[in-house]
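Take a look at the structure set out below.
Bear in mind these aren't lab numbers, they're just calculated from the coordinates by the rules spelled out. None of these values were measured; they are calculated from a predicted model. Here the Cβ positions follow ideal geometry from the backbone for every residue, glycine too, while neighbour counts run over all protein chains shown.
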Amino acid sequence: MLGGFDLDPASSNEAQQTVKASKYFTKEQDGLSRPWHGRVWLNPPFAHGDIANFVSKLVNEYVAGHVTAAILLVHNYTDTAWFHKAVSACRAICFTAGRINFIHAEKGLAPGAAIQGQAFLYFGDGIDAFRTAFEPIGFVVEPRGSSEKHPLFYLDQAYRLIGKPVLPAGLRRHAAVLFGRAVTIQYERGIRQDEALAAAVSELKARSAGGAS
């Protein structure tokens, strides 16, 4: 549905026989320390610290405009902070009907069933295409307000709050810094996205006033 992937930042030589991304990083290459761009496929390592770091990197790169679209495959751990952070920026989620069996390119189907259900989270503007592609394997939902309250809506709002009437396409990253802080506040405090943005703006104003004094 994305027409291929530009990057798989948490991959292996074997996985690329299936994913076929234009560029990929292995564990040894440390994808977290590299720049991300374009259309991304991400199936991060599922160790708790690793998955939180990869999800945070994906959200930050997407909000900044470096990642233009992405599909994230993770366990459906809806009680975790990292899952809520991903949901705060994604446009749609497919909760799979049944658990996914992983397939090795050479060894075939992995032995035993997965111990946890999975979810595909979509970042991008092609929600209808995502729904068409993924509804056959599960049920697709859009996070509350995702259609009219997409992160870029908040980038526009944030840019106005720091004194600019409109957000030029080439300047999104200026507001992205503010929005990135708002995302962190939202999942740490469990508040709405607009409330988190207001809190981030207050922090920015306080820092600016302190620097001017």
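Some notes on this structure:
- Distance between segment 74-101 and segment 1-66 - C-alpha centres, whole angstrom: 16
- Assigned charges on the beta-carbon of Lys, Arg, Asp, Glu; segment 1-144 dipole about Cα centre (debye): 60
- With 0.36 nm allotted per residue and the present C-alpha distance subtracted, the Glu28-His48 stretch has 5.3 nm of extension available.
- Its alpha carbons considered, segment 1-144 gives a radius of gyration followed by a Dmax of 14.3, 41 Å.
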